[in-house]
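Notes for the one structure printed next.
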Amino acid sequence: MFTTLNQMLVERLGPLGPLIALGGLGLLLILAALPAMLKKQVDPLTKLRDANRSVSTLAAPKNAKGATKKSLRMGSGGTNKLDKFATFLEPKNEEEMTTARLKMVQAGYRGRNAVRTFHAIQFILGITCLVLGVIYALISSATGEVSTTKLILSVLIPGGAGYYLPRYWVDRRIQTRQAEIQNGFPDALDMLLVCVEAGQSLDQGIIRVSKELAAGYPALAEEFETVSAEVKAGKDKIAVLRSFAERSGVPDVASFVTVMIQSQTFGTSIAESLRVYSSEMRDKRVMRAEEAANKLPTKMTLGTMMFTVPPLLIILVGPSVYDMIQMFANFSM
């Protein structure tokens with residue numbers, strides 16, 4: 001059946017008949033799904049807030065024009081261009097939305113609309129690369145005869161690459177930030193221990209450490225600044241430390257948070273806990289460096305075999321093989 005359909009499309013639309021039919025079907029499906037996706041239901045709380053805002057604006061006195069204009073500017077300045085596409089660009093499930101927000105925070109994107117912007121970039125880049133793939137397929141088919149499979153792959157591969165490129169970028173950002181936090185965390189604990197032993201409180205020590213680490217480890221400094229800001233705002237310290245461990249995604253930070261919570265719960269000395277844990281972190285950093293050094297010979301073996309052994313064999317065995325070939329050639333003559 002597919003062979004008959006393919007032949008019929010080729011006879012009626014030319015060599016690009018299957019590709020044109022596939023593109024048209026995809027375009028129709030997108031156009032059919034867009035109205036339902038872009039239709040956003042108005043939140044009743046938002047509707048009530050807008051109604052109260054309009055009533056307060058109408059009830060404002062005539063001599064308070066400046067205040068009225070200011071309130072209007074404040075009401076209109078908080079909107080986002082992607083709000084009308086929120087239903088299409090954000091996950092519907094609360095668990096998926098929480099996971100997506102945590103992933104963006106771990107990558108360093110803390111904006112309120114980070115998830116929405118990420119999905120918008122992913123969608124736009126995927127569609128753009130798909131259109132470029134279609135253009136390339138049309139140009140290649142016009143210059144010469146190309147198989148249908150190659151045309152389809154030349155369209156789908158750029159589209160898939162454009163769709164997964166933002167996700168790859170975010171994953172790499174998460175890995176880079178976690179590696180930076182893991183490498184700088186022992187130094188941060190040492191500085192925090194010095195601050196606590198000098199008479200400062202844990203909150204003041206965190207503020208000082210965040211300032212000192214801004215040049216060498218900006219990701220870790222940003223996390224400490226967030227912790228100090230949340231503590232200043234009056235948030236519970238245990239919840240602040242747990243959110244710090246969750247945002248970083250580093251096991252060492254999670255262990256440190258557990259130690260601090262236990263120290264605060266049981267009333268033990270914070271300085272003693274920091275001294276013991278910072279010593280363990282330094283030992284772990286040394287062990288990670290030794291592990292990376294021990295892996296190096298194994299990783300170099302493949303490169304040595306690929307780039308050293310073949311040239312050496314050519315230099316050593318090549319003249320002998322050439323002489324043997326010349327000898328057999330002379331013997332056959």
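The values are calculated or read from the model by the stated rules, or taken from the named source; none is laboratory data. Model, not experiment: these values are computed from the prediction. Cβ sites come from the backbone with ideal geometry, for glycine too, and all protein chains shown count toward neighbours. Accessible surface areas use protein heavy atoms only, side chains included; no ligands, DNA or RNA. Shrake-Rupley method; radii C 1.70, N 1.55, O 1.52, S 1.80 Å.
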Looking only at segment 111-121, decide whether some residue is closer than 24 Å to Glu280 by Cβ and either surrounded by fewer than 20 Cβ atoms within 10 Å (Cβ to Cβ) or of a type in the set (D, E, K, R) (or both).
no
Looking only at residues that are open to solvent by less than 80 Å² (accessible area, probe 1.4 Å) and of a type outside the set (D, E, K, R) in segment 287-296, which one is nearest to Phe185 (Cα to Cα)?
Ala289
Just give me the residues in segment 302-316 being in a helix (DSSP H, G or I) and open to solvent by 70 Å² or more (accessible area, probe 1.4 Å), in sequence order.
Leu302, Met305, Met306, Phe307, Leu312, Leu313, Ile314, Ile315, Leu316
Breaking point among (1) surrounded by 13 or more Cβ atoms within 10 Å (Cβ to Cβ); (2) among the aliphatic types (A, V, I, L, M); (3) over 30 Å from Tyr109 (Cα atoms); (4) under 32 Å from the mean Cα position of the chain (by Cα), for Val227
(3)
Can you confirm whether Tyr168 is open to solvent by 60 Å² or more (accessible area, probe 1.4 Å), assigned to a helix (DSSP H, G or I) and in contact (Cβ under 8 Å) with a residue 12 or more places away in the chain?
no
Looking only at segment 250-273, which residues are closer than 22 Å to Gln178 by Cβ and either part of a helix (DSSP H, G or I) or without any contact (Cβ under 8 Å) to a residue 24 or more places away in the chain (or both)?
Pro251, Asp252, Val253, Ala254, Ser255, Phe256, Val257, Thr258, Val259, Met260, Ile261
For segment 239-271 the number of residues that are open to solvent by 60 Å² or more (accessible area, probe 1.4 Å) and at pLDDT 85 or above is 5
So in segment 147-165, with the set limited to residues that are touching a residue at least 60 places away in the same chain (Cβ under 8 Å) and open to solvent by 20 Å² or more (accessible area, probe 1.4 Å), which one is nearest to Ser255 (Cα to Cα)?
Ile152
Of the conditions (1) of a type outside the set (Phe, Trp, Tyr); (2) under 16 Å from Ala188 (Cβ atoms); (3) open to solvent by 60 Å² or more (accessible area, probe 1.4 Å), Ser279 clears all except one; give me its number.
(3)
Based on what the data block shows, is Thr176 farther than 27 Å from Arg285 by Cα and of a type outside the set (A, V, I, L, M, F, W, C)?
no
Out of the residues in segment 231-287 meeting the condition of being among the β-branched types (Val, Ile, Thr) and under 21 Å from Gly108 (Cα atoms), tell me which one is nearest to the chain's Cα centre (by Cα).
Val250
Considering segment 207-224 alone, what residues qualify as being basic (Lys, Arg) and surrounded by 15 or more Cβ atoms within 10 Å (Cβ to Cβ)?
Arg208
Could you tell me which of the residues Gln204, Gln178, Gln200 is without any contact (Cβ under 8 Å) to a residue 60 or more places away in the chain, in a helix (DSSP H, G or I) and open to solvent by 30 Å² or more (accessible area, probe 1.4 Å)?
Gln204
